[in-house]
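Undergrad: To start, I am sharing the structure in question, which I have written as structure tokens.
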Amino acid sequence: MKKIFTILSLTCIVSLSSNAQCVGGVSVCNPDPTTPAATFKPTPANLACVIKGTNYNESVSFKIPASVTQPQAVDLDSVQFVSMSNLPCGLCYSFSKASKRYNANEVGCFTISGTSNDAAGQYTVDIQMLAWLKGATSPQGPVSTSLANLDFYIRVATSSPSCAALNVNDPGLTAACGVGINEVAKTIHAVAIVPNPMHSSATLNFESDNAGVYTVNVIDVLGKVVSSKEVKVATGNNQVVMERNSLTEGVYFVQITNGNATTTTKFIIAD
């Protein structure tokens, strides 16, 4: 679980969205002290669905771990939440602290509330934060939970009986009021790195709906860009060769960006 939160807390690898979802005041939620580190409680699969046109108010607890592994172990000082994007329109989020900053081992919570009439279906919510390592004077990030395979989802249904089970393989819907974070996701598809794990080199494969010049970054789990190059993207299938060079083994992310929005995929370098 610490390795999971490593990637979580130490991406924005996915760019900040200009979604119109509102930010509320301080939540009156009560953190659940039994919440395990680097998880949500309730889990997204157990979180109640939003019913279209009906007031929604649900709280979710989380716990900040004391340390993470990158592959080397480091201690966390604190984490500050920055934003939630791609919430269904009409929903607000609020945290139990006005600062949204939580210390290592601290349990906190956030509340999602409001009324939405967005399309029924599943929405992947991007939660972004800043992470301070022990002894650091400046944070790492912004970073995102999504690349830790710790996605947060909100489901919208027309009625309680029609609330579909969570499908983690479903990329989900884009909130009608949202722009930015899903822009590239709409035009870049079928992203894959072969082989993964890679040893000396790999091929980044993806399909694009539009031609243009994109930047391909390789980013470590601390959010540092360790290599970057511009590529000409054609409509249809594209391939980009990725060289390991001097990178050590561990978890990395490859980021495809046009400067306004980003899509990111995790990969592993193994000796």
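Every number here is computed from the coordinates shown, using simple stated rules; none is lab data. This is a predicted model, so every value here is computed, not measured. So basically every Cβ, Gly included, is an ideal-geometry build from the backbone, and we count neighbours across all protein chains shown.
Undergrad: Nothing charged except the Cβ atoms of Lys and Arg (+1) and of Asp and Glu (-1): what's the magnitude of the dipole of segment 95-159 about its Cα centre? Round to the nearest 20 debye.
TA: Around 260 debye, computed over segment 95-159.
Undergrad: Which whole-Hz couplings ³J(HN,Hα) result when phi for each residue of segment 226-240 is put into the Karplus expression 6.51 cos²θ - 1.76 cosθ + 1.60, θ = phi - 60°, listed in order with x for Gly and Pro?
TA: For segment 226-240, the Karplus curve yields 9, 7, 8, 7, 8, 9, 7, 9, 9, 5, x, 6, 9, 9, 10 Hz.
Undergrad: May I ask for the net charge around LEU247, where only other residues with Cβ less than 15 Å from the Cβ of LEU247 are counted and Lys, Arg are +1 while Asp, Glu are -1?
TA: With Lys, Arg at +1 and Asp, Glu at -1, the neighbours total 0.
Undergrad: Another question, then. In a shell of Cβ-Cβ distance under 11 Å around LEU47, excluding LEU47 itself, what net charge do Lys and Arg (+1) and Asp and Glu (-1) give?
TA: +1
Undergrad: Taking 0.36 nm per residue of sequence separation and subtracting the Cα-Cα distance, how much length would be gained by fully extending the chain between ASN210 and ASP75, in nm to one decimal?
TA: Difference between extended and current length: 44.3 nm.
Undergrad: My understanding is that a pair violates if its Cα-Cα distance is over 27 Å; which of LYS41/LYS266; LYS41/LYS224; LYS100/LYS229 do that in this structure?
TA: From the list (LYS41/LYS266; LYS41/LYS224; LYS100/LYS229), the Cα-Cα distance tops 27 Å for LYS41/LYS224; LYS100/LYS229.
Undergrad: Can you sort SER78, SER116 so the residue with the fewest Cβ neighbours within 10 Å comes first?
TA: Ordered from fewest to most neighbouring Cβ atoms within 10 Å, SER78, SER116 come out as SER78, SER116.
Undergrad: All other residues with a Cβ under 14 Å from the Cβ of ALA211 taken together, and with Lys, Arg as +1 and Asp, Glu as -1, what is their net charge?
TA: Result for the neighbourhood of ALA211: -2.
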